[in-house]
1. Residues to consider are Arg259, Arg231; find the one that is of a type in the set (Lys, Arg), assigned by TED's automatic domain parsing to the domain that holds Leu81 and in contact with a helix residue (DSSP H, G or I) (Cβ under 7 Å, 6 or more places away or on another chain).
2. Where residues in the range 192-220 are among the hydroxyl-bearing types (Ser, Thr, Tyr) and in a helix (DSSP H, G or I), which of them is surrounded by the most Cβ atoms within 10 Å (Cβ to Cβ)?
3. Tell me, please, whether a residue that is at pLDDT 85 or above, more than 23 Å from the chain's Cα centre (by Cα), under 21 Å from Pro163 (Cβ atoms) and among the aliphatic types (A, V, I, L, M) can be found in the range 41-57.
4. Applying the selection to the range 48-86, what residues are part of a loop (DSSP other than H, G, I, E, B) and without any contact (Cβ under 8 Å) to a residue 12 or more places away in the chain?
5. Right, Leu180: farther than 25 Å from Val109 by Cα, surrounded by fewer than 18 Cβ atoms within 10 Å (Cβ to Cβ) and under 22 Å from the mean Cα position of the chain (by Cα) or not?
6. Provide a single number: the residues in the range 221-233 that are surrounded by 19 or more Cβ atoms within 10 Å (Cβ to Cβ) and either assigned to a loop (DSSP other than H, G, I, E, B) or more than 17 Å from the chain's Cα centre (by Cα) (or both).
7. Within the group Ala164, Ala143, Ala170, Ala196, which residue is over 14 Å from Ala86 (Cβ atoms), at pLDDT 90 or above, out of contact with any Phe, Trp or Tyr (no Cβ under 9 Å at 6 or more places or on another chain) and not acidic (Asp, Glu)?
8. Looking at Leu19, Leu10, Leu26, Leu2, can you tell me which residue is out of contact with any strand residue (DSSP E or B) (no Cβ under 6 Å at 6 or more places or on another chain), modelled with pLDDT under 85 and not in a helix (DSSP H, G or I)?
Amino acid sequence: MLLHGKAARLIAQAVFLVLFLPLFALPFLVIVVASFATDWNGALPSGLTVQHYREALGGDAAHALTVSLLTAVAASLVALLVGAWAALAAHRLRRAGRGVMDTLFTLPVAVPSVVVGLSLLVAFSKPPLLLNGTPGIVITAHAVLVTAFAYQSVSAALARLDPACEQIAASLGASPARVLWRIRIPLLLPSLTGAAGLGFALSMGELSATMMLYPPSWTPLPVSIFGATDRGSLFTGAALAVVLMATTLLVLLAVSRVRNRASYR
């Protein structure tokens, strides 16, 4: 403990609550309450209903949730494969080469995501690779945006690995491929699952680049939330936001359990 004494711990806890509640917990609580509100003109809503959730779980909203899930799963898997492969390759490079790789993979998150969306729109609106107007361009944009996090996560895990494990396996006659699949990948499994979960969560909430690229037949849930609130349907938008948060949290809890089991192996 960095704080010694009961009084110091109580003060630290009080400061944490004062900062946490208004900045983090209260806004989420307001969204949850608004999702059940029929009207809200005072300090509290004047009525409660579940009609907004009926709308959120049916029709176009259900399709938007499915689109978000499919996009997030595909983007996080692509980002994990590309980011992990690049991190493994960069780990063997010298410092200068590793610095170039770091710059290339962190560039998409160093610029506004709307710039990434515009660049993909310009790049893939003409043959030979025409993705504009297809779900593929949305998945590509999400994968580009979250690959940096997978790359950084795996790179950090590689830096913490003890090279003795690989050296011992190699000295016993294991080929480089066998060392990779039987030694390095299992040791990296907690970081890989963590990177996949982070990529999924970021993809589920991505809006800026998506707004520039999505076709009408592939509308993710964040776009539906923005559309509902833009039309003035704030309570319906709140219900959609709660569904988005709950779905993301459930998937992250499942990924966390897989990650914990991988850590105990």
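The values are calculated or read from the model by the stated rules, or taken from the named source; none is laboratory data. It should be emphasised that the depicted structure is a prediction, and the values quoted were computed from it without experimental measurement. Quick reminder, even Gly has a Cβ in these numbers, built from the backbone with ideal geometry, and neighbours come from all protein chains shown.
1. On the way: Arg231 fails: in contact with a helix residue (DSSP H, G or I) (Cβ under 7 Å, 6 or more places away or on another chain).
Of Arg259, Arg231, the one residue that is of a type in the set (Lys, Arg), assigned by TED's automatic domain parsing to the domain that holds Leu81 and in contact with a helix residue (DSSP H, G or I) (Cβ under 7 Å, 6 or more places away or on another chain) is Arg259.
2. Filtering the range 192-220 down to residues among the hydroxyl-bearing types (Ser, Thr, Tyr) leaves 193, 203, 208, 210, 214, 217, 219.
In the following step, the residues that additionally are in a helix (DSSP H, G or I) were identified as 193, 203, 208, 210.
Numbers: Thr193: 21, Ser203: 28, Ser208: 15, Thr210: 26.
Ranking the qualifying residues of the range 192-220, first place goes to Ser203.
3. Looking for residues that are at pLDDT 85 or above, more than 23 Å from the chain's Cα centre (by Cα), under 21 Å from Pro163 (Cβ atoms) and among the aliphatic types (A, V, I, L, M), one finds none in the range 41-57, hence no.
4. Initial filter on the range 48-86 (part of a loop (DSSP other than H, G, I, E, B)): 49-50, 57-59.
If the condition is that a residue be part of a loop (DSSP other than H, G, I, E, B) and without any contact (Cβ under 8 Å) to a residue 12 or more places away in the chain, then Gly58, Gly59 are the ones that fit.
5. Values: farther than 25 Å from Val109 by Cα: yes; surrounded by fewer than 18 Cβ atoms within 10 Å (Cβ to Cβ): yes; under 22 Å from the mean Cα position of the chain (by Cα): no.
In short, no.
6. Step one: list which residues in the range 221-233 are surrounded by 19 or more Cβ atoms within 10 Å (Cβ to Cβ), which gives 221-225, 228.
Now restrict to residues that are either assigned to a loop (DSSP other than H, G, I, E, B) or more than 17 Å from the chain's Cα centre (by Cα) (or both): 224-225, 228.
Number of matching residues: 3.
7. Details: Ala164 fails: at pLDDT 90 or above; Ala143 fails: over 14 Å from Ala86 (Cβ atoms); Ala170 fails: at pLDDT 90 or above.
Going through Ala164, Ala143, Ala170, Ala196 in turn, the sole match is Ala196.
8. Numbers: Leu19 fails: not in a helix (DSSP H, G or I); Leu10 fails: not in a helix (DSSP H, G or I); Leu26 fails: not in a helix (DSSP H, G or I).
One residue alone meets the criteria, Leu2.
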